[in-house]
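Bear in mind these aren't lab numbers, they're just calculated from the coordinates by the rules spelled out. Quick caveat: nothing in here was measured; it's all calculated off a predicted structure. Positions of Cβ are generated from backbone atoms using ideal geometry, with glycine treated the same way; all protein chains shown enter the neighbour counts.
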Amino acid sequence: MGIIAKQSIYNLVSIGLAFLIGAINMVFLYPTYAGKEFQGLIVALLANSNLIQPFISFGVQHTLIKYFSDCKSKEEKDRLLWFVLLFPLFILLLLIPVYYIYSNDILLLIAGNSNTVGRFPFLILSIAIATAYFEIFFSWLRVHLQSVFGNFLKEVYPRLLTFILLIAYIFEIILFDDFINFLIVGYYLRLFFIAAYSFYVYIPSFQFKLPSNLQIMLRYSFLIFLSGAAASFILDIDKSMIFAITSDENVAFYAVALYIAAVVEAPGRAMFQITSPLVANALNANDMSRLEVLLKKSSVNLMVVSGLAFLIINLNLMDFYEIINQDGYASAFSVVIIVSLGKFFSMSMGCLNSIISNSKYYSYVFWFSLGSAILAVILNYYFINFYGIIGAALATLIVVVFINICKIILIYIVFKIHPYNQKSFSIIGSIFLIYGIVYSIPTFMNPFVSILSRSFLVLVLFGIPLFTLKWSVDIEALLKRIKNNL
């Protein structure tokens, strides 16, 4: 787990920095200077690009992670690498004629009533292509256990790019069309950086032959593609239904609350960049003991770090909303708590999702995603009508809990393993106890002082059981290493 702990902490720093820059963009620069219409357009362009991107990559980035360690020779690995690089070009050859034949219908679909969004169809497609190939090269680095630079480009780079362009736009250095064009250029620069680094890490010899198990790979890619499409639907259905049933203001309040709650899952995003290839290695080697160690250690480590994030975020919520000082946003206070509970549960499962998606039971990923999508629509329709944005949060929590329990049951049935042990229950108990203690302490007049004091108290109280109960050897070793370097 040494390589996991080392790269995970670097990835966590990148994601933390990305969240900070993203918060400045979303909460301060966009609404204060650029305006809601400007923000909505940029978000719409990127969202449409993200919807198109899976159709181009077709899931081959996940295929690379699953099958790379199964390749026994350099020739087999090189065939696989060239396949995942060239296959999206084949998809593009099919998609581009369709795009031009049905361009008017596609523009109507992606732009709706917005004439402005309809001005940039080529740019939407351009970002989708750049993002699709970025994900492929990122998987290339991950299978070689080199995730740090790729994670920085994935998380920090686009937010930093947006920040720089927003500053330039605010000071009238660039115009709106320049902003869009530089955004596209920035995404292709990111693709160039990761492609160059990928070939630096490993240069494959060109192979004219296709992988020997091509049919199996295509089936896997197709199912992962369908699962990804369903997952993308789940991510946005709550916001879409809030907009349809309530108002656009509620969507803004809900979106900011989701952004805050997402901090709880940041440690998982950092760790999974490196654990997925290791899980695939263990599965391909049929090393069940190694697999169980990965599952339980990743579960404990994520419960510790995500649990700490859960406490700091939720115990400082009112002070945070006071700092934002925007009318109506504090109405989503409960949304943060509810959604972050679901995210903490997901993090507590460790690398369980990677085990399912990289095993022969990967088809269940599609059925779980499909079931989640159907359940999300039903619950959101019912709860939003009765409880507004709080109802959307409750629907999300119910879907997450139900589907996660199904996944835990599946892994236990087929592999006879599960993520939890005695440490898991002591961590959960400590989190609830610390929450109760700190929540009862009155806030200071100054929100910044209140946040600092509460966060310091949480760190002290959380550190006591962390070290006395020996929750995580990896985290202890990391903290000692940091202390020795100071």
Compute the relative contact order of region 224-474 as a whole-number percentage, counting only Cα pairs closer than 8 Å that sit 6 or more residues apart in sequence. 30 percent
Pull up the cross-link candidates among the lysines for Lys239, meaning alpha carbon to alpha carbon under 17 Å and not fewer than 8 places away within one chain. Lys36
Which of rounded, prolate or oblate describes region 368-486 when judged by the alpha-carbon gyration tensor and an a/c cut-off of 1.5? oblate
Relative packing of 84-92, 304-312, which averages over residues the other C-beta atoms within 10 Å, highest first: 304-312, 84-92
How would Met241, Met26 line up from fewest to most surrounding beta-carbon atoms within 10 angstrom? Met26, Met241
To the nearest 20 debye, region 224-474 has a Cα-centred charge dipole, built from +1 on Lys and Arg Cβ and -1 on Asp and Glu Cβ, of 940 debye
Check cross-link reach from Lys209 to the lysines: straight Cα distance under 24 Å, and skip same-chain residues fewer than eight apart. Lys66, Lys72, Lys74, Lys77
Expressed to two decimals, the chain has a Cα Rg over Rh, using the Kirkwood radius, of 0.95
Check every DSSP H run in the chain and write down those whose alpha carbon atoms cover 15 angstrom or more along the long axis and whose mean Kyte-Doolittle hydropathy is 1.0 or greater. 2-23, 74-101, 121-143, 148-170, 176-201, 214-245, 288-315, 333-348, 363-387, 389-415, 422-439, 447-468
Quick one: net charge around Ala330, please, counting Lys, Arg +1 and Asp, Glu -1 for every other residue with C-beta under 14 Å from its C-beta. -4
When the chain is fully extended, how far beyond the present Cα-Cα distance does Leu17 get from Leu433, taking 0.36 nm per residue of separation? 146.8 nm
Quote to one decimal, in nm, the extra length available between Ser363 and Val401 on full extension: 0.36 nm per residue of separation minus the C-alpha distance between them. 11.7 nm
Which lysines have a Cα lying under 17 Å from the Cα of Lys407, excluding residues fewer than 8 positions away in the same chain? Lys296, Lys343, Lys360, Lys416
Per residue, the convex hull volume that the Cα atoms of region 224-474 enclose (Å³): 126 Å³
